[in-house]
Each structure stands twice: as structure tokens, then as C-alpha cells.
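Participant: Before we start, here is the structure in question, set down as C-alpha cells.
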Amino acid sequence: MFRVLIVIFIALAVLLDNSVPAAARAMEKSDTTAAQRAMPAVVNISVWKVRQPSNSADSPRRVKAYGSGFIIDPSGIIVTNKHVIDGAIDITTILFNGERFHATLLAVAAMLDLAVLKIDADHALPVLKWGDSEALQVGDAVLTIGNPLGIGMSVSAGIVSALNRDIQDTPFDQYIQTDAAINHGNSGGPLVDVNGDVVGVDTALYNPEESGGFIGIGFAIPADAVKFVVSRLLDPAHPKLGWLGVTLQDLTPELAAALALNAHGSIISAVDADGPAAKAGLRPGDVLSGVDNKMPGDSRAFQRAFVQTDVGKSVEISFWRDGKAASVQAVIAEWPNVMPNGGMMSAGMAEAMIQRMPDPGVRLAPLTDDARNQYGVDPKLSGVLVASVEKDCEARDLGIVPGDVVTAVQGQPVANPDDVRHAVQTAHGQGRPYLAVLVQGKSGTRWVSLSIGPGNR
């Protein structure tokens with residue numbers, strides 16, 4: 001789920017040892033019912049992206065990535081993660097029944113990892129209902145549904161392992177932690193409850209190894225937060241995020257003791273000079289205890305309260321200063337300096353990249369005697385050696401590995417890398433979207449289809 005689908009490195013209090021992670025719970029009858037209700041509205045997402053080369057002298061590579069999403073409106077409105085479509089030049093969705101649709105990007109969230117897509121079908125589409133993520137409890141049964149590693153629709157069972165996790169992604173993180181499998185490709189898919197309703201959007205996995213997969217720690221954005229953000233994204237008025245203009249942190253017992261504070265809440269560590277908090281007279285060292293008679297549980301909950309407040313509304317801020325309780329009125333302002341939305345490239349640039357032949361990420365070499373010895377290739381086999389395969393490319397997704405031998409392209413035998421290049425250029429010039437490649441590897445001989453043209457959407 002990079003973020004093409006990301007592995008997040010976070011400082012969680014996780015004890016790591018050499019033991020094998022405990023398996024998630026087994027599927028139950030109720031899970032089967034929930035999965036059958038939810039799966040028709042879950043979509044696999046296939047995205048063409050541009051990867052910048054590690055060597056500045058090389059050209060950018062056009063590569064394929066995978067993710068997941070789910071339909072929330074019969075007209076074809078789809079929710080997914082922003083990182084699934086960041087840098088995309090083309091997006092294809094595959095429905096549960098096998099239908100394929102080109103998707104357009106409607107909107108992306110400025111600060112949360114969410115995006116909204118639209119597909120146009122000639123019939124009403126199945127939808128997922130929103131569940132109540134606020135009602136979740138640790139130990140509740142949940143399912144993840146999505147497209148792990150691009151292999152197709154999959155369902156995994158687990159529980160809610162923890163709530164309100166801070167993975168340091170935004171100032172208002174409140175992720176659901178689950179042991180239901182979230183692998184690369186699950187990003188954007190739904191986390192559903194026993195009723196088959198969405199309680200979260202699968203977004204991240206934790207693994208101390210950069211290239212590692214799921215080890216029982218995954219994270220989902222709560223459905224209540226997703227509903228709020230998506231409703232704002234789809235609102236024609238485009239309402240802005242609220243902002244108080246403070247940097248907050250939790251007032252721990254240790255910090256309270258160090259500052260000789262007898263208070264509970266979130267302490268202000270910085271105040272924006274031009275923000276609403278400064279205008280209301282708040283200052284560093286004040287300890288916030290409430291907003292409009294509500295008591296957020298931590299600093300991130302305070303920030304969520306401000307973000308979800310309408311711009312221009314006056315709120316009462318309760319706080320402690322010098323051991324005394326006080327309150328002020330502050331007028332919520334628009335969140336400033338929000339980074340420009342990510343998402344797809346401009347239409348012109350995207351079309352130019354679509355027309356460019358993608359680099360499958362394979363480096364070929366002559367099949368020498370040394371190479372035959374190194375990889376154990378049959379001395380009688382003729383072809384071209386796969387010398388290396390890029391870490392993030394279509395060829396790797398298709399299972400091509402160093403040591404494989406390309407024996408034919410488009411049905412014609414090949415004996416050296418130039419033969420392959422000539423076949424690729426010929427097929428691309430004919431407007432073919434795919435190239436048929438016969439590959440001999442340790443597991444046997446098989447045909448694979450590599451993308452080479454703009455028609456493969």
C-alpha cells in the first residue's frame with residue numbers, strides 16, 4: 001500500500017523478536033455473510049504511474065501499481081487512498097463481476113490519505129453502507145477486503161487490535177489497528193464489521209523491514225473520519241478545514257510534574273502569531289481542557305474538533321493557566337498553507353506519458369556460459385537472459401526474476417537482446433497494447449503479457 005503501497009515506519013511500542021507473528025483469527029460463518037454482502041461493492045484498482053529513475057541520466061519509467069477501493073454511490077462514486085492514485089496517468093477499476101471501467105479522479109483530500117474516483121456504468125452499481133466506527137471496541141471482529149499484491153479480490157479475518165493509534169501521519173491521527181491482513185495492494189479497500197458495513201479504509205501496514213509484508217499490524221482510517229472528509233470533497237461549495245492556530249501535545253504526568261501543573265488536557269507548545277488562538281489570548285503553556293463544553297481525550301482529538309468546525313464559527317475554549325481555570329471565545333479560521341492536492345497528472349502530461357512505451361523494468365543480457373552456470377540454465381536452451389528486474393515494476397509483478405530466460409517474443413525465437421528490442425519496437429509501432437513473451441524459469445515455461453502501448457487501459 002505505498003505508499004505503491006506504503007510501509008509506514010513508526011515508533012510504536014511494539015516488542016519485536018524472532019518469533020513468528022500470531023495468526024489472525026479463523027473465518028467464521030458470520031464472516032462469510034459479511035463478506036458476501038460487501039464484496040460486490042469492492043473494486044480492484046490498476047494504475048499506471050510514473051517512477052522517477054534513481055539515475056538522473058535515465059528517463060522516467062511508466063509502471064503499473066495496484067490498490068483497492070469501494071463503491072459508496074450507485075452512480076459509480078468510489079473511495080480509495082490518495083497514495084494509490086498519486087502520480088497516476090491512468091486508472092482502471094475492476095468490479096467484483098469482472099467488469100472493467102476507466103476511472104476519473106474527482107477529488108483528493110488535502111491532509112488525509114483519501115481520494116474519490118468516478119466510473120460511468122450503464123447500470124446502478126452495488127454500494128457499501130457506512131458503519132459506526134465510533135462504536136468499535138477492541139476485540140470486535142472485522143474483515144479486510146481488497147486486492148493484495150495485485151492478485152485479485154481477497155478477504156481476511158481479524159479483530160480490532162487497538163483504537164486511536166497515532167502513526168504520525170497527520171496532526172489528528174486516530175487509526176484503527178487490526179490484525180486482519182493488510183498487504184501492499186489492500187490500500188483503499190474497506191475494513192468491514194460483522195454486518196458487512198464499512199468501519200474503516202485500509203491504509204497502512206507496519207513492518208520494520210522496508211520490503212517486508214504484513215506481520216499482524218495494519219491500520220485503517222475510521223469510517224466516521226472518512227465520511228466527514230468525503231462529504232466535504234463532494235460538496236460543490238468546497239468547505240474548508242477549520243484551524244485554531246496552535247501546536248498541541250498531550251500533557252503527560254511527567255511533563256505536568258516538570259512544569260508543576262495540576263491540570264489535565266493538552267498543552268500548547270506553540271501559537272501562530274496571526275491565528276485565532278493568538279487573537280483570543282491563548283499562549284504556550286496553557287493547557288486546553290475543553291471545546292464548547294466537550295472534553296477531547298488527547299491533543300489529536302482537539303485538532304480534529306477544530307478541523308471539523310465550520311470556518312467563521314466562534315467556539316468556547318476552556319483551559320488552565322497558572323493553576324486557574326479560564327475560558328475564551330475563538331473564531332475558527334481556514335486552515336492555511338495546505339499543500340496542493342496530489343493525484344493524477346495534468347491531462348496533457350498524462351497523455352504524453354500514456355503514449356510513451358512503458359519500461360517493464362527488465363534488463364536483458366546474452367546467455368553466456370558463465371550465466372548458464374550461475375543460474376543452472378540448460379546448456380541446450382537458447383534465448384536471452386533476464387539479468388536483473390527492478391524492485392517496483394510490471395515484470396516483477398508477473399513473476400519474472402533474474403535467471404529466467406526469454407526464449408520467444410510474439411511467437412518468434414530470440415537469441416540476443418537486440419532480437420527482443422526489435423520485436424518490442426515492431427509491436428509498439430503496430431499499436432499493440434501487449435507483448436507476448438515466452439519465459440523459461442525454474443518453475444517451467446510460461447507465456448506472460450508485458451504492457452507496451454497506450455491501448456491497455
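Participant: Under 30 Å between alpha carbons, and skipping anything fewer than 8 positions from Lys324 in its own chain: which lysines qualify?
Facilitator: Reachable lysines: Lys279, Lys294, Lys313.
Participant: Over 22 Å apart: what share of the alpha carbon pairs of region 217-304 falls there, rounded to a whole percent?
Facilitator: Tail fraction, whole percent: 41.
Participant: Same structure, new question: Taking only protein heavy atoms and a 1.4 Å probe, what accessible area per residue, in Å², does region 76-200 have with all protein chains in place?
Facilitator: 34 Å²
Participant: Next question, about the same structure. Out of Ile71, Ala38, Leu149, whose Cα points farthest toward the positive end of the dipole of region 27-160 (charges: +1 Lys, Arg; -1 Asp, Glu; placed on Cβ)?
Facilitator: Working it through, the farthest residue towards the positive pole turns out to be Leu149.
Participant: Can you tell me which lysines have their Cα less than 29 Å from the Cα of Lys118? Leave out same-chain residues fewer than eight positions away.
Facilitator: Cα-Cα hits under 29 Å: Lys49, Lys64, Lys82, Lys129, Lys227, Lys240.
Participant: Which residues does a label at Lys391 reach in region 124-157, if reach means a backbone N under 19 Å from a point 7 Å past the Cα toward the Cβ?
Facilitator: In region 124-157, the label zone of Lys391 (backbone N under 19 Å from the point 7 Å along Cα→Cβ) covers 149-150.
Participant: Just read off the accessible area of Glu334 with the full protein assembly in place, 1.4 Å probe, to the nearest 10 Å².
Facilitator: Glu334 has an accessible surface of roughly 100 Å² with all protein chains in place.
Participant: May I pose another question? Could you check the simple spin-label distance between Asp322 and Ala162, using points 7 Å along Cα→Cβ, in nm with one decimal?
Facilitator: Placing both labels 7 Å along Cα→Cβ, they lie 3.9 nm apart.
Participant: So what does Trp48 come to for accessible area, using a 1.4 Å probe and Å² rounded to 10?
Facilitator: 10 Å²
The values are calculated or read from the model by the stated rules, or taken from the named source; none is laboratory data. Computed from a predicted structure; not experimentally measured. For neighbour counting, all protein chains shown are included, and Cβ atoms are generated from backbone atoms with ideal geometry for every residue, glycine included. Side chains are part of the model used for accessible areas, which takes the heavy atoms of the whole protein and leaves out ligands, DNA and RNA. Shrake-Rupley method; radii C 1.70, N 1.55, O 1.52, S 1.80 Å.
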